[in-house]
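The values are calculated or read from the model by the stated rules, or taken from the named source; none is laboratory data. Since the model is a prediction, treat every value here as computed from it, not as a measurement. No Cβ is skipped: glycine too gets one built from the backbone with ideal geometry, and neighbour counts run over all protein chains shown.
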Amino acid sequence: MKTIIKHIIIGGMVLSTFSCQKNFVDLKPNAQFTDAVYFKTPKDFKDYATGFYGQLPGWSFGSMDNGSDLSANGNGTGNDLGMGTIAVGSTSWNYSGIRTCNTLLDKAAAYKGAGDISQYVSEAYFFRAFAYFNLLKTFGGVPLVTKVLGVDSPELFDKRASRYQIVAQILSDLDQAIAGLPTEQNIGAADKGRVSKWAAMAVKAQVELYEATWEKYVGQSADGDGTAVGAGTAGYDAANGAKYLSDAVSLCQQIMNNGGYAIWNKNADAKMTNSSSWYLFNLEDEGSNPGAYNKQSNNEFILYTVYDYTLRQSGINISWTSWQLYPSRKFVDMAVCTDGLPPAKSPLFQGYHTTTSEFQNRDLRLLTYLYGAPTAPAAVTLDYGSLGASGYGNSKYAVYGYGTRRIDRTESANWPVIRLAEVYLTYAEALVELNGAISDAQLDASVNILRDRGGVAHLSNSLVAANGLDMKEEIRRERAVELYREGKRFDDLKRWGILEAALNPSRLGRVVGDGSYVTPFKDANGNATTSYKPSSYVFGEESVATPAGNLKCVVVSSSQNNSVAKKHYLYPVPTSQIILNKNLLQNPGY
């Protein structure tokens, strides 16, 4: 979908809309676009609904898990949650997207014209659910508004609905969306990027997995009583967890079997040098990779934000900045070896004796996400503040042909909101949470397709049993590695109830060894070499457990700065809103 931005005034409200180039309309003077003359034809509803797509996340380093446990360098973002420094008065929420959805639904109820508007009504339900899901993940229960309010509407002073009431509304809206949205196969080329039935199903499965695991591992500790603090527990039903997981499995199966999507794996093409997991996120035209694949070759993205080199470039320094988003020691140790085993369990793991030892016999996703190709650099620099401050690079999102074919702010690959890989991971996790088990056939239909692209052995029940592994943890590992820097990590840590345990330790970089472990950063006598400058690391070194035993690593961000607590599973309700509405109660702990 090629995008043109245009501005319309409806009922005194300025709306920025994004519409397909082929459907561009020469606008009449803004004053003529009033409720009295608008919403008369299906095209009016389509143009208005196109404005909803601005609510989707796009190219922003704030949405790349900066400051998480997998990121050694937060690049100036993510530290509020990553370090536990969220301050009361620092948050805000925005209901403008919800209001625009309510406006379309209100006008649709009164629509008497000829022509079908069901797709655009369904899009309004979808985006209202999408907005409430983001509010839920951030604040828990929030005020529930499902109609257009005026300045004197009493609903402006309502209490917060509970998280359980918000979830019920989200799922109801998504059911409405699923019923009226077209399948991907029935969306024309000019409208690619609009929400499909399968995308709505994928979001519903995502919501259900999130809520089921939140209720299981976090429980009601963040709810408050709804009288003195928090949003309360109205609508809670202990049976919902299993119901949500079962439905998530069913939805994922429908997408996997009928959606027409496929994992973008071009590793069989020698020109692609086993780097599909890098080029997937750089796809533009045929010049964006050595195999000459374009965006039309990508059937993996289910819900995505559309960019275009001519009409809508990224507008941020993607390539240069991505190289400075340093992975942490934890992430590098998380990727499996080619035998499918974690480094601590695998006889193929080579340790840290040279700059490339730890990358030998490893998952292609690790290599391509960090270096853009399935080989690690022969030399690294460990000088705090320079490129490679953790000793590792990051190439995920950096483009092929940077500096010649593309320069900063012009990169224009689509941003994935949900891709088929996440559906596979949701399916597998929901099965394990629901049944306590997953069959090998179910693994082969989901996460093992991702392992095939990563060039590693399949995950199986026999592999888990023979090596003392835990299937649930291995599926979580797959999720962490596959969805690295795609904006999922903080939400996962919260819903698994491990936010404090994951975020309070130091963010570490390369192993620099000790007196008994010779590394490339020390000579034969144990003296530091010029490739490692200990004095440049203000937090020094820290001895930690690694797959090769306890070893010293450089500390990029110290645990001394971290104070993540139970209250941080939810952000504080905006002080500005509490001032406007005295019925809003603050979340527990703030």
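Take the conditions in a loop (DSSP other than H, G, I, E, B), touching a residue at least 24 places away in the same chain (Cβ under 8 Å) and under 30 Å from Ala413 (Cβ atoms) and apply them to Gly235. Does it pass? Judged against the criteria, Gly235 is not a match. Mind listing just one residue for me: the one in the stretch 188-202 that is out of contact with any strand residue (DSSP E or B) (no Cβ under 7 Å at 6 or more places or on another chain), touching a residue at least 40 places away in the same chain (Cβ under 8 Å) and assigned to a helix (DSSP H, G or I) and, of those, surrounded by the fewest Cβ atoms within 10 Å (Cβ to Cβ)? This residue is Met201. The stretch 38-133 holds helices (runs of 4 or more DSSP H) entirely within its bounds, and those carrying 1 or more residues that are over 24 Å from Lys192 (Cβ atoms) map to 79-82, 96-109. Residues that are closer than 26 Å to Asn73 by Cα and among the small types (Gly, Ala, Ser) were ranked within the stretch 286-324; the one that is nearest to the chain's Cα centre (by Cα) is Ser322. With respect to the conditions (1) touching a Ser or Thr at 6+ places or on another chain (Cβ under 9 Å); (2) surrounded by fewer than 23 Cβ atoms within 10 Å (Cβ to Cβ), Thr368 falls short on a single one, namely (2).
When Asp106, Asp116, Asp65, Asp80 are screened for being of a type in the set (Asp, Glu), surrounded by fewer than 19 Cβ atoms within 10 Å (Cβ to Cβ) and under 29 Å from the mean Cα position of the chain (by Cα), only Asp80 passes.
For the stretch 231-245, the criterion of being closer than 30 Å to Tyr402 by Cα and of a type in the set (Ser, Thr, Tyr) is met by no residue. The set of residues in the stretch 555-571 that are within 22 Å of the chain's Cα centre (by Cα) and assigned to a loop (DSSP other than H, G, I, E, B) comprises Val564, Leu570, Tyr571. Evaluated against (1) of a type outside the set (Asp, Glu); (2) assigned to a helix (DSSP H, G or I); (3) loosely packed, with under 13 Cβ neighbours inside 10 Å; (4) within 33 Å of the chain's Cα centre (by Cα), Ser543 falls short on exactly one condition, (2). Would a scan of the stretch 326-334 turn up a residue that is over 23 Å from Pro505 (Cα atoms) and either out of contact with any Lys or Arg (no Cβ under 6 Å at 6 or more places or on another chain) or free of Cβ contacts under 8 Å to residues at least 12 places away in the same chain (or both)? No, the stretch 326-334 contains no residue that is over 23 Å from Pro505 (Cα atoms) and either out of contact with any Lys or Arg (no Cβ under 6 Å at 6 or more places or on another chain) or free of Cβ contacts under 8 Å to residues at least 12 places away in the same chain (or both). The residue that is surrounded by the fewest Cβ atoms within 10 Å (Cβ to Cβ), counting only those in the stretch 521-537 that are out of contact with any Ser or Thr (no Cβ under 8 Å at 6 or more places or on another chain) and either hydrophobic (A, V, I, L, M, F, W, C) or assigned to a helix (DSSP H, G or I) (or both), is Ala524. Counting just the residues of the stretch 322-341 that are in a loop (DSSP other than H, G, I, E, B) and among the aromatic types (Phe, Trp, Tyr), which one comes out farthest from Tyr397 (Cα to Cα)? Restricting to residues being in a loop (DSSP other than H, G, I, E, B) and among the aromatic types (Phe, Trp, Tyr), the top hit is Tyr326.
Selection of the stretch 175-187 for residues being within 17 Å of Glu300 (Cα to Cα) and part of a loop (DSSP other than H, G, I, E, B) yields Thr183, Ile187.
Yes or no, residue by residue, for (1) under 23 Å from the mean Cα position of the chain (by Cα); (2) surrounded by fewer than 23 Cβ atoms within 10 Å (Cβ to Cβ); (3) β-branched (Val, Ile, Thr); (4) closer than 17 Å to Ser71 by Cα:
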| position | (1), (2), (3), (4) |
| --- | --- |
| Leu431 | yes, no, no, no |
| Asn435 | no, yes, no, no |
| Ala441 | no, yes, no, no |
| Gly454 | yes, no, no, no |
| Ala457 | no, yes, no, no |
| Met471 | yes, yes, no, no |
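Screening the candidates Gly235, Gly315, Gly241, Gly230 for the property of being of a type outside the set (Phe, Trp, Tyr), more than 27 Å from Gln55 (Cβ to Cβ) and touching a Lys or Arg at 6+ places or on another chain (Cβ under 9 Å) yields one hit, Gly241. Assess whether Ser221 counts as being surrounded by fewer than 19 Cβ atoms within 10 Å (Cβ to Cβ) and modelled with pLDDT under 95. So Ser221 passes the test. Screening the stretch 375-479 for helices (runs of 4 or more DSSP H) wholly inside it with 2 or more residues that are in contact with a Ser or Thr (Cβ under 9 Å, 6 or more places away or on another chain) returns the ranges 420-435, 440-444, 447-454. Would you check if there is a residue in the stretch 338-346 being at pLDDT 95 or above, touching a Lys or Arg at 6+ places or on another chain (Cβ under 9 Å) and farther than 18 Å from Arg451 by Cα? No, that holds for no residue. Name the single residue that is nearest to Lys566 (Cα to Cα) among those in the stretch 499-556 being among the aliphatic types (A, V, I, L, M) and without any contact (Cβ under 8 Å) to a residue 60 or more places away in the chain. Checked the stretch 499-556; the qualifying residue nearest to Lys566 (Cα to Cα) is Ala501.
Cβ-Cβ distances below 7 Å connect the following pairs, each with a first residue in the stretch 281-295 that is part of a loop (DSSP other than H, G, I, E, B), a second residue that is among the basic types (Lys, Arg), and a separation of six or more residues or different chains: Leu283/Lys295; Glu284/Lys295; Pro290/Lys271; Gly291/Lys266; Gly291/Lys271; Tyr293/Lys266. With the structure loaded, tell me whether Ala205 is modelled with pLDDT of 95 or more, closer than 23 Å to Leu420 by Cα and either of a type in the set (A, V, I, L, M, F, W, C) or within 22 Å of the chain's Cα centre (by Cα) (or both) or whether it fails that test. Yes: the conditions hold for Ala205. With respect to the stated conditions, Ala335 fails to be touching a Leu at 6+ places or on another chain (Cβ under 8 Å), small (Gly, Ala, Ser), closer than 23 Å to Asn267 by Cβ and surrounded by fewer than 24 Cβ atoms within 10 Å (Cβ to Cβ). For Trp323, the conditions (1) within 30 Å of Thr183 (Cα to Cα); (2) surrounded by fewer than 22 Cβ atoms within 10 Å (Cβ to Cβ) all hold with the exception of (1).
Applying the criterion of being touching a residue at least 24 places away in the same chain (Cβ under 8 Å) and in a helix (DSSP H, G or I) to the residues of the stretch 259-280, the residue that is surrounded by the fewest Cβ atoms within 10 Å (Cβ to Cβ) is Tyr279. Of all residues in the stretch 496-523, those that are under 26 Å from Val456 (Cβ atoms) and modelled with pLDDT of 90 or more total 8.
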